[in-house]
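J.: Take a look at this one; I'll ask things after.
Rule-based calculations on the coordinates, nothing more; no lab input. Remember, it's a predicted structure, so these values are computed and weren't measured experimentally. Here Cβ is always computed from backbone atoms with ideal geometry, including for glycine, and neighbour counts include all displayed protein chains.
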Amino acid sequence: MSRALVVTQPDLDASRLVGLARSIAEEVHAIVVADAAGTAIEEPNTDGTTAIGGPALETAEGVADALAAAAAEQGADIIVLPATHRFREITALLTARLDGACAPETISASRSSEGITADRLAYGGVAIVTVLLQRAHVLLTAAVDIRATASGSEVAVKPCLLPMPAGKELMSRVALDQTGDLSSAERIVSFGRGVRSREDVAMIGRLSEALGADLGCSRPIVEDLRWLELPHQVGLTGTTVKPALYFAVGISGQIQHLVGMRDSKYIVAINNNPNAPIFEASDLAVVGDLYEIVPRLVEALAARTA
Amino acid sequence: MRILVCVKHVPDTTEIRFDPVTKELRLRQAPTKINNYDEHALEAAVRLREQLGAEVVIACIGPEEAGKTMKTAVAAGADRAVLVTGPWAGEIDPAGTAALLAGLARTQGPFDLILSGDVSEDGYHSLVPGILAAALDSPFLRGVTGLTADGASVLVDRQTDGVEETYRVRLPAVLSVSSSLNEPRTVTTLQVMKVSMSKVATLNASDVGLDDALFQPQAAATRIVGIRPAAQPRRQEVLTGEPDDVVQKLISNLENAGVLS
């Protein structure tokens, strides 16, 4: 019998992780990495939830140690983790601790006669690769959402008594300005390298206003050009979003971006390259010059509401 | 201070396409280059070298063709480069790459600081630096946005899920860096051509104390068994033509989808 351990934290919605675990394991347990002083609730659709907390869990090394111990204790051969920044660090360390086979950012998993396989995006989002996981311990990660409200019976947080890992000392921790947090936005207009100059960002801003949308962007806009701050960045190294309407303006559609927005309900892409990978992830593919389309669209939207 | 910078030699993912006829991924024809994310790690190392007089060594696990990436890295300011290659080079998985890098670090080191980019452009696993840190029993941080050397330790800023943290990290340490850490210097073709091949050592697995057999696809932790075009269930309508027509059609599509306010 195959037993899965779903790893989560109190503010995450782990339902997708539980679903992924259910597709390949008979029994699914959840483990909540919480604050020692905090509370945790029972994870729905699992066969049991435990919660751990304590100072050793401040570092990724400490969490990896605690999860390796929990996997051994519960006899879990499958570990499913959130694909957040914090857990990416933990996932790599846990893979090493368990000598496991890891498939990050999986879309789906299944069992074949050869073993467990996972599908994941690669090569700039053009391809889905199927990976055979050839170790006794299998680790999968998948995108998760922030949990809106938590309800259910409370689980006591067990203090984790492992020693503090040596070598890393936290000097300060500051919450980043999350104004304009896109993870819960209903409509988003994002732009990428197709926008040629910083002055033209105002034009995209007018479109987002006309649609009642928040402004997002792709990685190069924040990291290379620094036209917008990190909270606006959609993608693997930014925020994962799932609005009802997502506009991708002048974004080619690298995997970095696609993994951050592919769960949006309705996706419109505007790009002058008919072969741009973004079109394959879109409901509506608008092939044309954004400098011709966007101003006309702003006008037409204004006329519509006038 | 001795710094090892781990770089990956990758296909240019913007040039990868599926052949519509054969349904095969046109990987072979795609041009190859240094992984963009790793260029930021290299830049950080070269800046430390300029400030403190560190030695910077480049490490790469990949095909012989990656010699080109090695020369580019040396031209950007590294002292020398070490490429480990073998029959597994085209298919090696992240755990195998990390094991070979650990072998390289042990045999060519010791190193005080090991740097790489947060992810690779082709595989996007974001696993190698963490597995390498665990193998060397060194502290690990990813998402590094600031780095200052301070004697036997480094001060590291990093961003993760809505928080910015500052750590003091004891050396030796493994760090993977965010692209927002710095702006890599540009390297001209002429500078790359001037790099002597004597600065690039090409080794086998046995040279770093490991056996080729460990890295064959059948023995690896993960093995790619299938590859197909990403599904296109979404693509329902393509709008093209005169901008005014396109905009009108676009608005009626949005209205029909019920996504306008």
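J.: Report, by chain and number, residues whose modeled amide H sits under 5 Å from the one on residue B:33, excluding near sequence neighbours (fewer than 5 apart, same chain).
T.: Under 5 Å from the amide H of residue B:33: B:10, B:12.
J.: How many angstrom lie between the Cα centre of the range B:152-215 and the Cα centre of the range A:163-220?
T.: 27 Å
J.: Is it possible to state the helix-based mean residue ellipticity at 222 nm for the protein assembly as shown, with each DSSP H run of 4+ residues giving -39500 (n - 2.57), the sum divided by total residues, to the nearest 500 deg cm²/dmol? What is it?
T.: -8000 deg cm²/dmol
J.: What ranking of B:122, B:211, A:13 emerges when the number of other C-beta atoms within 10 Å of each C-beta is taken as an exposure proxy, fewest first?
T.: B:211, A:13, B:122
J.: Quick one: 3J(HN,Hα) in Hz for the range B:206-223, Karplus 6.51/-1.76/1.60 with θ = phi - 60°, rounded, Gly and Pro as x.
T.: 5, 5, 10, x, 10, 9, 3, 4, 5, 10, 5, x, 5, 9, 6, 5, 10, 9
J.: Using amide H atoms built in the peptide plane, which far-off residues or other-chain residues are under 5 Å from residue A:145 H to H?
T.: A:13
J.: No solvent, one uniform scatterer per C-alpha: report log10 I(q)/I(0) for the protein assembly as shown via the Debye equation at q = 0.05, 0.07, 0.10, 0.13 1/Å, two decimals.
T.: Rounded to two decimals, the profile gives -0.20, -0.41, -0.86, -1.43.
J.: If you take the beta carbon distance between residue B:236 and residue B:206 as r and set R0 to 56 Å, what does 1/(1 + (r/R0)^6) give as a FRET efficiency, to the nearest 0.05?
T.: It comes out at approximately 0.55.
J.: List A:240, A:149, B:72 from most exposed to least, where exposure is judged by having the fewest other Cβ atoms within 10 Å.
T.: A:149, A:240, B:72
J.: Can you classify the range B:107-171 as rounded, prolate or oblate using the Cα gyration tensor, where a ≥ b ≥ c are the square roots of its eigenvalues, rounded means a/c under 1.5, and otherwise it's prolate if a/b beats b/c and oblate if not?
T.: Cα axes put the range B:107-171 in the oblate bin.
J.: What is the distance, in nm, between label points placed 7 Å from the Cα along the Cα-to-Cβ direction at residue A:304 and at residue B:68?
T.: Taking the simple label geometry, residue A:304 and residue B:68 are separated by 4.7 nm.
J.: Determine the shape class of the range B:2-215: with a ≥ b ≥ c the square roots of the Cα gyration tensor eigenvalues, call it rounded for a/c under 1.5, and otherwise prolate if a/b is greater than b/c, oblate otherwise.
T.: The shape class here is rounded.
J.: Still on this model: Round to the nearest 0.05 the FRET efficiency obtained for residue B:196 and residue A:147 when R0 = 41 Å and r is the Cβ-Cβ distance.
T.: FRET efficiency, residue B:196 to residue A:147: 0.10.
J.: I've got another one for you. Exceeding 27 Å between C-alpha atoms, which entries from my cross-link table qualify? They are A:168/B:199; B:8/B:194; A:265/B:8; A:158/A:242; B:33/B:194.
T.: A:168/B:199; A:265/B:8; A:158/A:242
J.: As an exercise, use a Förster radius of 30 Å and the Cβ-Cβ distance of residue B:107 and residue A:73 to find the FRET efficiency, rounded to the nearest 0.05.
T.: Given R0 = 30 Å and the Cβ-Cβ separation, E is 0.20.
J.: Find, among the trypsin sites (Lys or Arg not before Pro) in the range B:120-204, those assigned to loop by DSSP (not H, G, I, E, B) with at most 15 other beta-carbon atoms within 10 angstrom.
T.: Filter output for the range B:120-204: B:185.
J.: Just rank B:92, B:58, A:31, fewest to most, by other beta-carbon atoms within 10 angstrom.
T.: Fewest to most other Cβ atoms nearby, the residues stand as B:92, A:31, B:58.
J.: Take the alpha-carbon centre of the range A:1-80, take the same for the range A:282-306, and report the distance between them in whole Å.
T.: 46 Å
J.: Could you go through the range A:292-306 in sequence order and give the Karplus-derived ³J(HN,Hα) for each residue, using 6.51 cos²θ - 1.76 cosθ + 1.60 with θ = phi - 60°, rounded to whole Hz, and x for Gly and Pro?
T.: 8, 6, 4, x, 5, 5, 4, 4, 5, 5, 5, 5, 5, 8, 5
J.: Now a separate question. What is the set of long-range amide H partners of residue A:138 at a cut-off below 5 Å, with H atoms built 1.01 Å from backbone N?
T.: Close amide H contacts, sequence-distant or interchain: A:78, A:79, A:101.
J.: Kindly express, to the nearest 10 degrees and within the range 0 to 90, the angle between helix B:36-52's C-alpha long axis and the longest C-alpha principal axis of chain B.
T.: So the helix axis and the longest Cα principal axis differ by about 30 degrees.
J.: Got a sec to turn the phi values of the range A:250-262 into Karplus ³J(HN,Hα) couplings, 6.51 cos²θ - 1.76 cosθ + 1.60 with θ = phi - 60°, whole Hz, x for Gly and Pro?
T.: x, 10, 6, x, 5, 3, 3, 7, 4, 5, x, 9, 5
J.: Could you tell me whether the range B:84-130 comes out rounded, prolate or oblate from its Cα gyration tensor? Rule is a ≥ b ≥ c as square roots of the eigenvalues, rounded for a/c under 1.5, then prolate if a/b exceeds b/c, otherwise oblate.
T.: Oblate.
J.: Restrict the search to the range A:189-294; then list the trypsin sites (Lys or Arg not before Pro) that DSSP places in a loop and that have at most 11 other Cβ atoms within 10 Å of their Cβ.
T.: Those that pass, being in a loop and sparsely packed, are A:196.
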